[in-house]
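Okay, so here's the structure we're looking at.
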Amino acid sequence: MSGKAPVAPGRRLATVALVVADYDEAIAWYRDRLGFSLAEDVDLGEGRRWVTLTPGEGGASLLLARAEGERQAERVGDQTGGRVVMFLETDDFARDHRAMLDRGVTFHEEPRHEAYGTVAVFSDLYGNRWDLIEPASR
């Protein structure tokens, strides 16, 4: 076994779901703090909505999925057991890091330079950990 799966043409990761406590507060935070754009906000009835945001050109959309029930509510802010859940890639780390700090985003470390790029961990409004990363030249 070679370890490589055959490439499936025409496929891509399009949307990633994140469990949130409230649609509107999450929309406001991702829009105002991270500069995401609201792509869709469709009423599905019974208090449910299809809400997607995009961080910029290309890449996956973020689907905000409001927690339903106690089990999901317990996972808000800790979907990965404290590990980084999302990686926000940028072409200008210094620009975006400064803008995010100016907008009140909480970073847990100073920017660091790794073999794979410049990176710093931050938290969203619920405590989910994200990486802001400018990949090293490929």
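A few points about this structure:
- Beta carbons closer than 7 Å, at least 6 apart along the sequence or on distinct chains, never pair a first residue in the range 62-80 that is more than 19 Å from GLY45 (Cβ to Cβ) with a second that is of a type in the set (Asp, Glu).
- When the criteria are applied in full, SER123 fails the requirement of being at pLDDT below 95 and among the hydroxyl-bearing types (Ser, Thr, Tyr).
For every residue, the table says whether it meets (1) touching a Gly at 6+ places or on another chain (Cβ under 7 Å); (2) within 23 Å of LEU13 (Cβ to Cβ).
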| residue | (1), (2) |
| --- | --- |
| THR52 | no, yes |
| ARG71 | no, no |
| THR90 | no, yes |
| ALA136 | yes, yes |
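- Within the range 62-137, strands (runs of 3 or more DSSP E) holding 2 or more residues that are surrounded by 15 or more Cβ atoms within 10 Å (Cβ to Cβ): 84-89, 117-123, 129-135
- Across the range 17-60, the number of residues qualifying as surrounded by 14 or more Cβ atoms within 10 Å (Cβ to Cβ), free of Cβ contacts under 8 Å to residues at least 40 places away in the same chain and hydroxyl-bearing (Ser, Thr, Tyr) comes to 2.
- Members of the range 15-61 found to be of a type outside the set (Lys, Arg), outside any strand (DSSP E or B) and in contact with a helix residue (DSSP H, G or I) (Cβ under 8 Å, 6 or more places away or on another chain), listed by number: ALA21, LEU34, GLY35, PHE36
- Note on the range 92-118: residues that are β-branched (Val, Ile, Thr) and either out of contact with any His (no Cβ under 9 Å at 6 or more places or on another chain) or under 20 Å from GLN79 (Cβ atoms) (or both) total 2.
- Qualifying residue in the range 2-16 (condition: crowded, with 16+ Cβ neighbours inside 10 Å, within 19 Å of TYR126 (Cβ to Cβ) and either of a type in the set (Ser, Thr, Tyr) or under 17 Å from the mean Cα position of the chain (by Cα) (or both)): no
- Restricting the range 91-125 to residues that are in contact with a helix residue (DSSP H, G or I) (Cβ under 8 Å, 6 or more places away or on another chain) and in contact (Cβ under 8 Å) with a residue 60 or more places away in the chain, the residue that is nearest to ASP32 (Cα to Cα): ARG103
The values are calculated or read from the model by the stated rules, or taken from the named source; none is laboratory data. All values reported here derive from a predicted model rather than from experimental measurement. Every residue, glycine among them, receives a Cβ derived from its backbone with ideal geometry; neighbour counts consider all protein chains shown.
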